[in-house]
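The values are calculated or read from the model by the stated rules, or taken from the named source; none is laboratory data. Just so we're clear, the structure is a prediction, and the values are computed from it rather than from any experiment. All Cβ positions, even for glycine, are placed from backbone atoms using ideal geometry, and neighbour counts span all protein chains on display.
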Amino acid sequence: MINHERVVEGIRFLRRFIDTSLGINEEKHSITGFGLSESLLDASAYNTYLETVGNKADTLYLHIKKGLTEMVTYSYLAYIKRISEKFDWKSKNFMLAFDYTDEDFYGKVQGLDIFGWTKKDAVTGKFKFLTCSVISDEIPQKVPLVSIPIQIGHNIAIKRSRA
């Protein structure tokens with residue numbers, strides 16, 4: 001059964017996260033996290049692109065381009081702090097788990113961020129990430145802390161010649 005209070009709280013957090021991480025607010029911008037969250041949730045629910053489910057993709061991409069990486073990091077750290085207080089991590093034993101994660105890519109494979117793939121089910125490439133999460137017997141969810149993109153050639157040793 002769906003816990004409606006948790007769903008509402010999650011959507012409220014998503015809207016606040018969008019606003020703080022992209023530096024947008026109702027006083028200066030016509031579209032905020034309130035308007036962008038619906039498209040993000042729809043794209044996530046249908047496992048598709050933002051452009052497929054709504055008309056807010058260009059607005060979101062523009063704000064991401066204008067935004068600062070540090071703002072996203074600060075907003076995420078604020079979320080982790082809130083979660084850690086909720087789960088009382090200071091009094092629990094937990095471990096950090098590192099694993100590789102793949103995300104399908106559909107389109108022209110170019111650059112160092114997309115690994116070529118078999119084209120099975122129209123997947124032409126994969127984004128690859130090294131993800132670090134907190135896991136514990138006492139905490140019911142795996143909580144991702146950071147996900148770092150892996151580029152093609154990350155595992156190739158560079159041979160240097162002496163001059």
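Tabulated data
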read-out: Total residues in region 89-102, condition closer than 20 Å to SER147 by Cα and exposed (fewer than 13 other Cβ atoms within 10 Å of the Cβ); value: 5
read-out: Filtered residue count, region 117-132, keeping only those that are polar (S, T, N, Q) and either closer than 30 Å to MET95 by Cβ or modelled with pLDDT of 85 or more (or both); value: 2
read-out: Qualifying residue in region 23-39 (condition: aliphatic (A, V, I, L, M) and under 17 Å from SER75 (Cα atoms)); value: yes
read-out: Residue within region 57-79 that is under 25 Å from VAL143 (Cβ atoms), over 16 Å from the mean Cα position of the chain (by Cα) and free of Cβ contacts under 8 Å to residues at least 12 places away in the same chain present; value: no
read-out: Index of the failed condition, VAL7 passing every other in (1) under 28 Å from PHE105 (Cβ atoms); (2) assigned to a helix (DSSP H, G or I); (3) not acidic (Asp, Glu); value: (1)
read-out: Verdict on VAL72 being within 25 Å of ARG15 (Cβ to Cβ), surrounded by 15 or more Cβ atoms within 10 Å (Cβ to Cβ) and at pLDDT 85 or above; value: yes
read-out: Pairs where the first residue, in region 141-163, is modelled with pLDDT under 80 and the second is outside any loop (DSSP other than H, G, I, E, B), C-beta under 7 Å, 6+ apart; value: LYS142/SER133; LYS142/ILE135; VAL143/ILE83; VAL143/SER133; VAL143/VAL134; ILE152/PHE115
read-out: Conditions (1) surrounded by fewer than 13 Cβ atoms within 10 Å (Cβ to Cβ); (2) in a helix (DSSP H, G or I); (3) among the aliphatic types (A, V, I, L, M); number of the one not met by MET1; value: (2)
read-out: ILE114, sole failed condition from (1) modelled with pLDDT under 85; (2) assigned by TED's automatic domain parsing to the domain that holds LYS28; (3) among the β-branched types (Val, Ile, Thr); value: (2)
